[in-house]
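The values are calculated or read from the model by the stated rules, or taken from the named source; none is laboratory data. What you are looking at is a predicted structure, and each value in this text was computed from that prediction instead of being measured. Heads up, the Cβs are rebuilt from the backbone with ideal geometry, glycines too, and the neighbour counts pull from every protein chain shown.
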Amino acid sequence: MAKPYLTVDIGTTSIKAAEILPGERPKILNYGILESSGYLARANQALQTSSLKIFESDVITLVKTLVKEMGTNAKDVYASLPLFSVFTTVLDFPQMEPKEIEKALIYQARQYVPLPLDEVALDWLKVSHYQDDKGYEHQKVLLISVPRSEIRRYQHIFASAGLSLRTLEMESLSLVRLFEDDPTPTMIIDIGSRSTNIIFMEKGSLTWNSQSDFASFSLTQALASSLRVNPLRAEELKKEKGIMGTGASYELSTIMLPFLDVILNEVKKSQFVYGEQVMGAGKPERAVLSGGGANLIGIDKYFEHELGIPVVRIAPFAKFDYAAEIEPFVPELGPIMGVALGLGMKPNQ
C-alpha cells in the first residue's frame with residue numbers, strides 16, 4: 001500500500017503541516033497549523049528571520065508538538081525553505097545544452113553567489129528564451145543556491161523531532177507547482193507574517209522571484225501602535241474587521257491601508273524589475289494571493305483595483321481529495337496551507 005508522508009512549512013510565526021497519501025490524485029489525510037502567539041507579541045523575534053537566524057530548539061519543540069497533536073505515524077518529510085534562506089539570480093546564456101549550462105553556471109556562480117561554492121548547494125531552472133537584434137538565440141536561467149549550513153540545520157531539526165527529511169525545496173517552487181497545468185502568466189503574492197514573497201510564473205513554471213520584509217505583521221504593528229493595544233489584540237481586530245470597514249471600523253482601514261500600499265508598491269517594483277531582467281517575459285494577466293495575509297477581508301478587491309488585473313485567492317485544496325467535513329474551512333485554509341500542499345504534490349510528479 002502507498003505510504004503517507006508529511007509536508008512541513010516552517011514560517012516566521014507559525015508551522016503548517018499536512019499528511020498526504022500519494023496517488024494519481026493525492027489525498028489529504030490530516031493537517032495541522034501551530035501559531036506561536038509568543039513570537040507575534042515580540043516584534044523583534046520570529047521562528048526564523050531574513051538574517052538566516054532560526055531558533056532551532058523552539059522549532060524542534062513546536063514540530064514535535066504539532067506532529068503529536070496530528071496523531072500521525074508518518075516519518076518521511078518534505079519541507080520548504082523560505083526565500084530569504086535562498087540566493088537567486090537570473091543569468092543570461094546563449095542557447096546551449098543542459099550539460100553545457102551546468103558547466104557555465106559553476107563559473108558564473110563564483111561571481112554572484114555571496115558564499116564560497118563549497119559552502120552552498122546549487123540548482124538552476126531555465127525561465128525564458130529570446131532572440132536578440134542580431135538573430136542569436138539566448139536563454140535566461142534562474143540560479144538557486146542554498147547554504148549547506150541551512151540544509152544541515154533543517155536536517156537536525158527534523159531528526160531531533162524523530163522525522164526523516166527527504167527533500168528541502170524553495171517555497172516558491174511549491175506554490176508554483178499548484179499551477180503546473182495552467183498557461184496563464186501569473187503573479188503570486190505570498191503575504192506571510194514577516195515577509196512577502198512575490199513570484200512570477202509562465203506556463204506553469206517559475207520565471208522570477210523577489211522578497212520584501214513588508215508583510216502582514218506590518219499592519220498588526222500599525223494597529224497596535226495607533227490604537228495603543230497589544231499586538232495580540234491588534235491581530236484579532238485585523239482578522240475580524242479587514243480593510244473594508246464602515247462606521248466604527250472605518251478607522252481601522254485608514255490605519256492599515258498605507259502599510260498595505262507599501263506592500264503593493266513592492267509588488268509593482270518587482271513587476272518593473274521582472275520586465276527589465278527577463279527578456280520576453282509576459283505581463284502577468286492575474287495575481288494570486290497566498291499566505292495568511294491573503295485572508296485579510298477586502299484585500300483581494302483592493303489589490304485588484306490597484307493592480308488593474310484579476311486577483312484571486314490561491315485554492316490548493318482543489319488539487320487533492322480530502323474529507324467532506326473540512327469543506328467549510330477550505331476557503332480560509334487554502335492561502336495558509338498553500339506551500340505545504342504544493343510540497344504535497346512533489347512526490348506525485
Would you check if there is a residue in region 121-130 being farther than 20 Å from Met170 by Cα and in a strand (DSSP E or B)?
-> yes
Only one of Glu236, Glu306, Glu285 that is closer than 30 Å to Pro94 by Cα and of a type in the set (D, E, K, R) = Glu285
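Would you pick out the residues in region 310-349 that are among the aliphatic types (A, V, I, L, M), in a loop (DSSP other than H, G, I, E, B) and touching a Gly at 6+ places or on another chain (Cβ under 9 Å)? It would help to see each step written out before you state the result.
So the first thing to find is which residues in region 310-349 are among the aliphatic types (A, V, I, L, M), and the list is 311-312, 314-315, 318, 323-324, 326, 330, 333, 336-337, 339-341, 343, 345.
Still in the running and in a loop (DSSP other than H, G, I, E, B): 314-315, 323, 345.
If the condition is that a residue be among the aliphatic types (A, V, I, L, M), in a loop (DSSP other than H, G, I, E, B) and touching a Gly at 6+ places or on another chain (Cβ under 9 Å), then Ile314, Ala315 are the ones that fit.
Could you check, for region 183-203, whether at least one of its residues is polar (S, T, N, Q), in contact (Cβ under 8 Å) with a residue 60 or more places away in the chain and over 18 Å from Val311 (Cβ atoms)?
Just the residues of region 183-203 that are polar (S, T, N, Q), to begin with: 184, 186, 193, 195-197.
Remaining after also requiring in contact (Cβ under 8 Å) with a residue 60 or more places away in the chain: 184, 186, 193, 195-197.
Now restrict to residues that are over 18 Å from Val311 (Cβ atoms): 193, 195.
The answer is yes; a qualifying residue exists.
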Those residues that are at pLDDT 90 or above and in a helix (DSSP H, G or I), I need them from region 18-60; list them, please.
-> Ile60
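Being assigned to a loop (DSSP other than H, G, I, E, B), assigned by TED's automatic domain parsing to the domain that holds Glu304 and among the β-branched types (Val, Ile, Thr) narrows it down to one residue among Ile243, Ile198, Ile255; which is it?
Numbers: Ile198 fails: assigned to a loop (DSSP other than H, G, I, E, B); Ile255 fails: assigned to a loop (DSSP other than H, G, I, E, B).
When all the criteria are applied, what remains is Ile243.
If you go through region 143-161, how many residues are assigned to a helix (DSSP H, G or I) and either under 16 Å from the mean Cα position of the chain (by Cα) or more than 29 Å from Leu91 (Cα to Cα) (or both)?
The number of residues fulfilling the criteria is 6.
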All positions within region 327-349 that are free of Cβ contacts under 8 Å to residues at least 60 places away in the same chain and of a type in the set (A, V, I, L, M, F, W, C) = Phe329, Val330
Checked region 162-181 for anything part of a helix (DSSP H, G or I) and more than 28 Å from Lys68 (Cβ to Cβ); matches are Ser172, Leu173, Val176, Arg177
Confirm whether Ile263 is closer than 22 Å to Tyr250 by Cβ, aliphatic (A, V, I, L, M) and in contact (Cβ under 8 Å) with a residue 60 or more places away in the chain.
-> yes
Only one residue in Thr207, Thr167 is surrounded by 21 or more Cβ atoms within 10 Å (Cβ to Cβ), of a type in the set (Val, Ile, Thr) and either closer than 19 Å to Leu343 by Cα or touching a residue at least 40 places away in the same chain (Cβ under 8 Å) (or both), so which one is that?
-> Thr207
Out of curiosity, is Ile243 modelled with pLDDT of 95 or more, within 28 Å of Ile10 (Cα to Cα) and either crowded, with 19+ Cβ neighbours inside 10 Å or acidic (Asp, Glu) (or both)?
-> no
Filtering region 203-223 down to residues that are assigned to a helix (DSSP H, G or I) and touching a Leu at 6+ places or on another chain (Cβ under 9 Å), which residue is farthest from Gly291 (Cα to Cα)?
-> Leu223
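Yes/no per residue for (1) among the hydroxyl-bearing types (Ser, Thr, Tyr); (2) buried (at least 18 other Cβ atoms within 10 Å of the Cβ); (3) at pLDDT 90 or above; (4) touching a strand residue (DSSP E or B) at 6+ places or on another chain (Cβ under 8 Å):
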{"site": "Phe217", "(1), (2), (3), (4)": "no, yes, no, no"}
{"site": "Ser226", "(1), (2), (3), (4)": "yes, no, yes, no"}
{"site": "Val262", "(1), (2), (3), (4)": "no, no, yes, no"}
{"site": "Lys268", "(1), (2), (3), (4)": "no, no, yes, no"}
